[in-house]
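Encoded as structure tokens, the structure appears first; notes follow it.
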Amino acid sequence: MRCVKAYRLSGTIRYPRSRAKENTGSAAVRERILGAAFEAFQERGYAATSTLEIATRARVSKRELYALVGNKQKMLIAAIGERAKRLQAPADMPMLRDRATLAQVLTAFGTQVMREVSDPTVVAVFRLAIAEAIQAPRWRGHSILSGVKPAVPRCATS
Amino acid sequence: MSESRAAGLIDGRPADLAAQFFGLLWRDLMIGLLLGVVERPTARAIETRARNAAEAFLRLHPMP
């Protein structure tokens, strides 16, 4: 189990207006769009959020928005995917020689996981994913929920 | 979990063991958080919960 420091989910990506003009590269603009989309989804719900609103929040044209990210569905998948990517297994973990060490590792791991996953931003991701699960047939093939399972992170089972 | 099993500290299927540990860890907390009916636990409460879950887990799975 190499997951003691695995979870870095709590970092909410914020895009202060003063920094917006500095981030003009495609990757930075895409990141800004995803941040704006995620904030809008959280505040207004996925269905009630329009691409125009996301474009306005991100201070890009709709054309640029579609070119860099795609439609609203792709934006939600990308926004969730970006956060799920932070569920990565680290390389360092003490050697498990006895059960006392195992207890320590489990405690540290459990603490880390719960601290990160109970972060309000992460809970909001789960809420969004659950709310959109009703659209399951449309989402088939995107594995939207595969990276946001709170109960058993993939790295814990390997 | 695989390494624990390989070290002879525990027995069982790693995925099942992990699911069980996380069940003991989370209990109904995530449902409460999703519904907005409970507050996020404090750092101390999280650590206590994790320690209790680890102890309970190891009691459920004695040395093979």
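The values are calculated or read from the model by the stated rules, or taken from the named source; none is laboratory data. Quick caveat, the model's predicted, so the values are computed rather than measured. In this analysis, Cβ positions are derived from the backbone assuming ideal geometry, glycine residues included, and neighbour counts consider all displayed protein chains. SASA here: full protein model, heavy atoms, side chains in, ligands and nucleic acids out. Shrake-Rupley method; radii C 1.70, N 1.55, O 1.52, S 1.80 Å.
Numbers below:
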| read-out | value |
| --- | --- |
| Helix-only mean residue ellipticity at 222 nm for chain B, each DSSP H run of n ≥ 4 adding -39500 (n - 2.57), per residue, nearest 500 | -20000 deg cm²/dmol |
| Whole-Hz couplings from phi, Karplus 6.51/-1.76/1.60, listed for the range A:53-62; x for Gly and Pro | 5, 5, 4, 5, 4, 7, 6, 10, 7, 4 |
| Residue A:63/residue A:121 FRET efficiency (R0 35 Å; Cβ-Cβ; nearest 0.05) | 0.75 |
| Estimated buried accessible area (total), pair B and A, 1.4 Å, Å² to nearest 100 | 2700 |
| Residue-by-residue Karplus 3J(HN,Hα) for the range B:32-42, coefficients 6.51, -1.76, 1.60, Hz, glycine and proline x | x, 5, 5, 7, x, 9, 10, 7, 4, x, 6 |
| Low-density loop cleavage sites - GluC sites (Glu not before Pro) in chain B, where at most 11 other Cβ are within 10 Å (DSSP) | B:39 |
